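Data first, discussion second: the structure below is written as structure tokens.
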Amino acid sequence: MDKVISLSKRRGFIFPGSEIYGGLANSWDYGPLGVELKNNIKKLWWKMFVQERFDMVGLDAALLMNPKVWEASTHLTTFNDPLVECKKCHTRYREDQKPDECPVCGGTVFTEAKQFNLMLKTFLGPAEEKANIAYLRPETAQAMFVDFKQIVESSSMRVPFGVAQIGKAFRNEITPGNFIFRLREFEQMEIEYFINPSDGWEKHFDIWLDQMRIWLDRVGIDRKKIHEVEISEEDRAFYSKRTIDIEFDYPFGQKELYGLAYRTDFDLSNHEKMSGKNMKYRDPITNEEYLPHVIEPTWGVDRTVLAVLLSCYTETEARSGKDDAVHETEVTLRLPKEIAPIKIAILPLSKKEELTGPAIEIRSMLSKHWMLEYHTSGSIGKRYRRQDEIGTPYCITVDFETANDKSVTVRDRDTMKQDRVKISELVNYFKENLNC
Ligand code: ATP
């Protein structure tokens with residue numbers, strides 16, 4: 001974990017937020033490479049679950065919603081974590097994470113657990129009074145229920161179909177921590193898949209579980225570190241008839257990465273009651289009218305980034321010299337090409353105009369298609385290693401032959417194979433090999 005955190009900071013994937021002011025309890029900023037990686041993960045998810053399917057549409061709803069939404073969803077009453085307090089120094093812990101001994105003061109006596117609501121509250125407008133209270137959404141899901149009728153009426157979707165959304169969510173976590181695992185501000189990618197209750201929810205549940213497995217492979221998460229945990233009735237959210245947590249072996253233990261739940265018609269029926277609006281779906285062909293049930297697969301973006309970094313981080317020992325001794329540990333981030341922040345690095349072998357001229361032309365040509373880096377300083381070995389460390393799939397070297405044969409050498413991060421490719425063929429070469 002320390003190695004991944006250090007790489008993240010050193011190479012600009014993720015660093016502590018507000019650092020010059022001493023930071024802010026577990027807030028993290030995604031730097032130049034982090035934002036690319038995170039965007040690529042979101043793009044891949046959207047492509048797989050919205051673009052490549054014909055039973056899905058997207059939504060981008062407001063973060064602030066009418067507080068009645070949270071009343072109907074029961075978040076205001078039940079979205080609680082039990083909290084205990086050290087009797088000596090008053091440090092607070094989630095009950096399920098209570099240490100035997102308080103790490104702050106060594107105290108061993110804690111208060112009884114009390115319920116702590118995780119909703120982050122704010123006020124809209126200048127007056128901080130009850131009528132102006134609003135909440136930052138704790139999940140993206142609710143807007144997909146609230147907007148259900150508008151989506152049906154404005155699109156040609158017919159049940160079964162799903163709505164997908166990516167966006168920020170906020171939770172006033174008692175003990176944020178473990179890098180980007182538990183944040184107060186984080187991002188989710190969620191799907192509400194609406195089905196006819198007489199259509200057999202079990203089948204849809206299994207299909208979605210399978211989709212989530214396929215996703216793990218596409219995004220580069222090590223399946224050997226994944227556990228599908230069936231949540232027992234007593235541990236499930238009260239509205240769920242079946243939940244499977246997809247857990248990952250993080251360095252700090254096996255914990256939730258994603259979740260899959262069958263939520264019945266709990267949400268639509270509560271919104272129908274609270275709003276007084278008919279939330280039922282009428283099938284345009286059969287004319288049958290009913291409240292759809294919902295299968296909800298949910299993914300945390302930040303936990304995806306963490307699991308991807310932990311899965312793709314590899315070290316190899318570089319041996320050289322007569323004694324064949326280990327001289328350096330080389331790091332390679334074996335990211336799937338689709339999510340790598342930088343797809344191609346352009347590395348002229350010398351700073352001479354003869355080489356930088358064509359290199360700059362190649363940069364202009366390829367930058368229309370892919371994110372690139374361009375570096376002229378340092379030995380070529382060092383420059384390759386820096387690209388391996390950030391997971392760049394391809395490096396191009398422009399050398400003294402380039403002017404004659406109008407070709408460059410392309411090195412593959414994973415196979416180390418080097419191809420001599422005509423400059424005029426580069427776009428096709430990468431279209432074929434990057435496949436994105
Ligand atoms: P946990 O048990 O770890 O608190 P949860 O069961 O409350 O998680 P869900 O409500 O199912 O989580 O949220 C859906 C997804 O959002 C989770 O699977 C996770 O990937 C992500 N997530 C939830 N809480 C956080 C958080 N505080 N920081 C980062 N990601 C989170």
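The values are calculated or read from the model by the stated rules, or taken from the named source; none is laboratory data. Not measured: the values here are computed from a predicted model. Every residue, glycine as well, gets a Cβ built from its backbone with ideal geometry; the counts of neighbours run over all protein chains shown. All accessible areas refer to the heavy atoms of the entire protein, side chains included, with ligands and DNA or RNA removed. Shrake-Rupley method; radii C 1.70, N 1.55, O 1.52, S 1.80 Å.
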Notebook entry, point to check: Taking the Cα-to-Cβ direction at K121 and at S379 and moving 7 Å from each Cα, how far apart do the two end points lie in nm?
Noted result: 6.2
Margin query: Working only with C-alpha atoms, what are the Rg and Dmax values of the chain, expressed in angstrom?
Written below: 25.6, 81
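Counting pairs of alpha carbon atoms under 8 Å apart in space and at least six apart in sequence, what relative contact order in percent does region 112-221 give?
Values: 119 pairs, mean separation 25.3, N = 110.
Relative CO of region 112-221 lands at 23 percent.
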Notebook entry, point to check: For the chain, modelled as a GNM with alpha-carbon contacts under 10 angstrom, which of K130, K351, K98 fluctuates the most?
Noted result: K130
Note to self: As an exercise, find the ratio Rg/Rh for region 342-434 from alpha-carbon atoms, using the Kirkwood inverse-distance average for Rh.
What the structure shows: 0.91
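Using unit Cβ charges (K, R positive; D, E negative) and no other charged atoms, how large, in debye to the nearest 20, is the dipole of region 1-87 about its Cα centre?
Working: 11 positive and 10 negative charges, 74 e Å.
About 360 debye.
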Next item on the list: Identify the chymotrypsin sites (Phe, Trp or Tyr not before Pro) of region 223-305 meeting these criteria: DSSP loop state and at most 13 other C-beta atoms within 10 Å of the C-beta.
Entry: F238, F252
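Got a number for carbon plus sulfur as a percent of region 365-436's accessible area, 1.4 Å probe? Before the final figure, lay out the partial values.
Numbers: 1860 of 3690 Å².
That fraction is 51 percent.
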Notebook entry, point to check: Nearest 20 debye, what's the magnitude of the dipole of the chain about its Cα centre given +1 on Lys and Arg Cβ and -1 on Asp and Glu Cβ?
Noted result: 1040
Next item on the list: Sum up the charges of everything whose Cβ sits under 12 Å from the Cβ of L118, counting Lys and Arg as +1 and Asp and Glu as -1, but leave L118 out.
Entry: +3
Next item on the list: Give me the percent of DSSP beta bridges within the chain that run antiparallel, rounded to the nearest 5.
Entry: 85
Item checked: region 33-82: trypsin sites (Lys or Arg not before Pro) falling in loop per DSSP and having at most 15 other Cβ within 10 Å -> R53
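How compact is region 138-181 by the rule of thumb for globular proteins, expressed as Cα Rg over 2.2 N^0.38 Å?
On the way: Rg = 15.3 Å, N = 44, 2.2 N^0.38 = 9.3 Å.
Here the Cα radius of gyration is 1.65 times the empirical estimate.
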Check: Pick from I295, I390, I151: which is most flexible by mean-square fluctuation in a GNM of the chain where alpha carbon atoms under 10 Å apart are linked?
Finding: I151
Next item on the list: Would you mind checking which residues have amide H under 5 Å from L257's amide H? H placed 1.01 Å from N; only 5 or more apart, or other chain.
Entry: I246, E247, F248
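Going through the cross-link list K42/K406; K68/K255; K47/K225; K87/K225; K47/K255, which pairs have a Cα-Cα distance over 29 Å in this structure?
Details: K42/K406 37 Å; K68/K255 32 Å; K47/K225 25 Å; K87/K225 38 Å; K47/K255 27 Å.
Flagged as over cut-off: K42/K406; K68/K255; K87/K225.
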Margin query: Checking the cross-link filter: which aspartates and glutamates have an alpha carbon closer than 19 Å to that of K121, excluding same-chain neighbours under 8 positions apart?
Written below: E71, D81, E129, E139, E173, E185, E187
Item checked: Sum of -39500 (n - 2.57) over DSSP H runs of 4+, divided by residues of the chain (222 nm, nearest 500) -> -8500 deg cm²/dmol
Checklist line | Kirkwood hydrodynamic radius of region 232-326, from inverse mean 1/r over distinct Cα pairs, in Å | finding: 17.7
Next item on the list: Report the full-extension gain for the segment F238 to K280: residue separation times 0.36 nm, less the Cα-Cα distance, to one decimal in nm.
Entry: 12.9 nm
